[in-house]
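Working notes, structure below.
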Amino acid sequence: EDSSKCEDLEYDDPYDAMGGANPRHFSAYHKRLLGWITDKQLPTVKAKDGVTTYWLSPVETETGLKGLRVPINPGENLEPNARQSEFIIEFRQPIGYDKGLFASEDDYNGALVHIPLKTEHQGSTFLHTPLLDMSPDGPGYSLKVGRSWTAPNGKVAIKAKQVKDGRLIVEVMITGAG
C-alpha cells in the first residue's frame, strides 16, 4: 500500500495520554523519557541479521521488558534528532488506568507499534509518537498474534507470536544490517 497516503492524526491514538479524555498509562516510550522505566526495560534491538525473540510484559506492570526500540535502518546509529529513526513495540493490557481503554478487545492480544516523530513548528521542536495501524482491515490497531509486518524498506519484520503467562512473545527479524 502507498504509505504517502497515510494520515498522521496527532490526537487520535486511543492508547496515548493525549489521545482521549480518559486517564491512561503512558506508552513505554514516554515512560522511558520520564525516567519511570529503565533502558533495560525498553532496550534497542541490536542491529544484526537474524531473528531474535523477546517476551514483553504489559506496560502497565512494574517489572519486566516493557517494549523494544527497533531501528528503522538497522546498522545505522539511532539519531536522537532524526525525524524518525525507530519503531517502538509495546504490549498493553486492561490494567489500572488502562482498564476499559481498548478500542478493540483484539488489541489485548497483540503488539502496538509507534514511531516517534520530531517536528518543527514556529521555531520549536515537538515530539509525538503516532500509532501505526497494524490491523488496517480492523478491528483495533495491534499486530495480532500470529501475524507479521514488514517495514516498507524490507529491513525489519515484526511478528506477534503468542501471549503466554501474561506476556507477549515477539520476534524481530533484521535483514541487511551490514
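The values are calculated or read from the model by the stated rules, or taken from the named source; none is laboratory data. Note that the coordinates shown come from a computational prediction; the quantities given were computed from them, not determined experimentally. FYI the Cβ positions are ideal-geometry reconstructions off the backbone, even for glycines, and counts take in every protein chain you see. Accessible surface is based on the protein model in full, side chains and every heavy atom, while ligands, DNA and RNA are left aside. Shrake-Rupley method; radii C 1.70, N 1.55, O 1.52, S 1.80 Å.
Just a few scattered comments:
- Residues F87, F126, ordered by accessible area of protein heavy atoms at a 1.4 angstrom probe radius and largest first, appear as F126, F87.
- Table column - 3J(HN,Hα) (Hz), region 149-157, Karplus curve with 6.51, -1.76, 1.60, x for Gly and Pro: 9, 10, 4, x, 7, x, 8, 10, 10
- Taken one residue at a time, the phi angles of region 128-144 give Karplus couplings (6.51, -1.76, 1.60, θ = phi - 60°) of 9, 10, x, 7, 7, 7, 8, 10, x, 8, x, x, x, 10, 6, 7, 5 Hz. Gly and Pro are set to x.
- Vicinal HN-Hα couplings computed from phi for region 109-120 (Karplus, 6.51 cos²θ - 1.76 cosθ + 1.60; Hz; Gly/Pro x): 10, x, 9, 8, 10, 10, 9, x, 10, 9, 10, 9
- Where E60, E120 fall by accessible area, highest first, once all protein chains stay in place (1.4 Å): E120, E60
- Amide H to amide H, with H built 1.01 Å from N, E60 comes under 5 Å of Q93, counting only residues 5 or more places away or on other chains.
- Rolling a 1.4 Å probe across all protein chains gives T119 an accessible area of roughly 40 Å².
- Sparse packing (at most 14 other Cβ atoms within 10 Å of the Cβ) combined with a DSSP loop state is found for the following trypsin sites (Lys or Arg not before Pro) in region 24-64: K40, K46, K48.
- Between amide H atoms placed 1.01 Å from N, distances below 5 Å from R167 occur with no residue 5 or more places distant or on a separate chain.
- When D137, D39, D107 are compared by accessible surface with a 1.4 Å probe, the order from highest to lowest is D137, D39, D107.
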